[in-house]
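Everything on this sheet refers to the single structure shown next.
The values are calculated or read from the model by the stated rules, or taken from the named source; none is laboratory data. Computed from a predicted structure; not experimentally measured. Cβ placement follows ideal geometry from the backbone for every residue including glycine, while neighbour counts extend to all protein chains displayed.
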Amino acid sequence: MLLKSRCLPNRILLLSIASVGLTLNSGACDDYTETPGTEGNGNLVIGPDYTVDPDLTDRGNPKGKLFEFSMPLADSKIFRGDDVTLDTNKPVRKERKISVYIPAAYKDGTKAPILVMHDGPSRLNLVQNALDNLTISADPNRILPAFIAIGVQNGGDDSKGSQRGLEYDTMSDRLARFVNDEVLPAVLNNAEIRAAYPKIAFTENPWGRATMGCSSGGAAALTMGWFRPDLFRRLITYSGTFVDQQDDDAPEEAVYPLGAWEYHSSLKLIETSEKKPLRIFTHVSENDNRARDPEETYHNWVMANERTAAALKTKGYDYRYVYSRATKHCDGKVFEQTLADTLVWTWRGYHGE
């Protein structure tokens with residue numbers, strides 16, 4: 001099966017994805033280029049002391065509008081909550097909450113860039129403040145486009161055998177398709193949102209589509225862009241679960257037996273694959289999840305993130321890797337200090353279509 005990019009390609013990059021049997025037609029838009037430069041790229045160590053970035057607080061600037069609605073899992077064609085690989089002892093949600101923040105700077109009728117946030121609405125409050133403050137920034141080096149933030153709740157529970165694990169830890173394009181084919185149309189067709197923004201639209205430019213998550217949600221952010229760079233190209237991962245949490249019964253095990261660990265394993269997925277059009281932020285905490293058994297390396301978050309960053313550097317990606325001292329898994333102190341800078345770096349160079 002051939003899936004065409006929503007943008008006409010400058011060149012054709014054929015990606016054979018054996019696990020789902022498709023060939024992907026990917027590339028940057030013919031009429032779109034950007035020059036983000038290398039500012040902020042590379043490795044950064046922060047801590048052990050932390051402060052809250054003022055741009056992640058309410059500074060009294062004009063507020064956007066927040067909307068919430070739910071999507072029943074039973075209505076989905078992609079994640080119905082009834083996969084045979086699921087552990088019946090792990091609960092699955094009947095419906096998932098969708099949270100949408102449209103900043104005051106967004107002009108109805110324009111094709112908005114978007115940020116899809118996993119485990120929504122986690123950290124949406126910080127993103128809201130960043131949008132309120134930085135879409136109107138007078139500093140050209142510290143400004144955000146008026147993207148629409150979309151928090152997508154997971155399907156329930158965690159790790160192998162769970163609906164959340166199926167969605168986030170599986171090495172395939174399934175989550176990217178779910179977001180693109182089901183979540184985004186649901187947002188655009190929501191009656192309450194349409195009443196407030198009758199001409200709301202999303203950009204089809206993959207450089208205008210970002211995704212963000214923490215833990216398995218972070219792994220999901222990388223996986224969405226990795227398998228579907230024609231849909232999402234700006235990726236943000238905090239405490240990324242680049243370890244072996246893919247379900248043992250998943251068909252993807254045939255190609256990626258160690259799940260997201262394969263990004264940096266002896267398979268060297270990042271280094272041996274043709275470079276993709278992606279901009280990638282990664283992070284790990286000093287006291288992030290570690291294997292209780294030192295020999296159980298496939299579950300060592302710190303090692304996994306360090307090796308993922310090293311692989312991105314070797315391959316020449318535009319990447320930023322933050323190591324935070326004296327912090328834990330998905331530590332709130334890290335978000336409160338870094339998220340504004342992370343968003344600015346992630347969106348650097350973007351200027352719309």
Checklist entry - What residue, among those in segment 225-267 that are without any contact (Cβ under 8 Å) to a residue 60 or more places away in the chain and assigned to a helix (DSSP H, G or I), is nearest to the chain's Cα centre (by Cα)? => result Gly225
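Per-residue answers, yes or no, for (1) surrounded by 23 or more Cβ atoms within 10 Å (Cβ to Cβ); (2) free of Cβ contacts under 8 Å to residues at least 12 places away in the same chain; (3) under 16 Å from Ser70 (Cβ atoms); (4) among the basic types (Lys, Arg):
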{"residue": "Ile150", "(1), (2), (3), (4)": "yes, no, yes, no"}
{"residue": "Asn180", "(1), (2), (3), (4)": "no, no, no, no"}
{"residue": "Asn190", "(1), (2), (3), (4)": "no, no, yes, no"}
{"residue": "Ala195", "(1), (2), (3), (4)": "no, yes, no, no"}
{"residue": "Pro198", "(1), (2), (3), (4)": "no, no, no, no"}
{"residue": "Trp207", "(1), (2), (3), (4)": "yes, no, no, no"}
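Counting only residues that are over 30 Å from Gly259 (Cβ atoms) and over 19 Å from the mean Cα position of the chain (by Cα), give me the helices (runs of 4 or more DSSP H) lying completely in segment 122-213 with at least 3 of them. Spell out how you get there, then give the answer.
On the way: elements: 124-134, 163-169, 174-178, 184-188, 191-196.
Answer list for segment 122-213: 124-134, 191-196.
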Checklist outcome for this item: Exactly one of Arg234, Arg228, Arg279, Arg307 is surrounded by fewer than 24 Cβ atoms within 10 Å (Cβ to Cβ) and among the basic types (Lys, Arg), and that residue is Arg307
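Each row is one residue, and each column tells you yes or no for (1) farther than 26 Å from Met171 by Cβ; (2) at pLDDT 95 or above; (3) in contact with a helix residue (DSSP H, G or I) (Cβ under 9 Å, 6 or more places away or on another chain); (4) of a type in the set (Lys, Arg).
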{"site": "Ile270", "(1), (2), (3), (4)": "no, yes, yes, no"}
{"site": "Phe281", "(1), (2), (3), (4)": "no, yes, yes, no"}
{"site": "Trp301", "(1), (2), (3), (4)": "no, no, no, no"}
{"site": "Arg320", "(1), (2), (3), (4)": "no, yes, yes, yes"}
{"site": "Thr327", "(1), (2), (3), (4)": "yes, yes, yes, no"}
{"site": "Gly332", "(1), (2), (3), (4)": "yes, yes, no, no"}
{"site": "Ala340", "(1), (2), (3), (4)": "yes, yes, yes, no"}
Checklist entry - Does segment 79-102 contain at least one residue that is of a type in the set (Gly, Ala, Ser), over 20 Å from Thr342 (Cα atoms), at pLDDT 95 or above and surrounded by fewer than 16 Cβ atoms within 10 Å (Cβ to Cβ)? => result no
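Working carefully through the options Arg80, Arg59, Arg142, Arg123, find the one that is touching a residue at least 24 places away in the same chain (Cβ under 8 Å) and under 21 Å from Val179 (Cβ atoms).
Arg123
Confirm whether Ala112 is buried (at least 21 other Cβ atoms within 10 Å of the Cβ) and small (Gly, Ala, Ser). Walk me through how you get there before you give the answer.
Values: buried (at least 21 other Cβ atoms within 10 Å of the Cβ): yes; small (Gly, Ala, Ser): yes.
Yes, satisfied.
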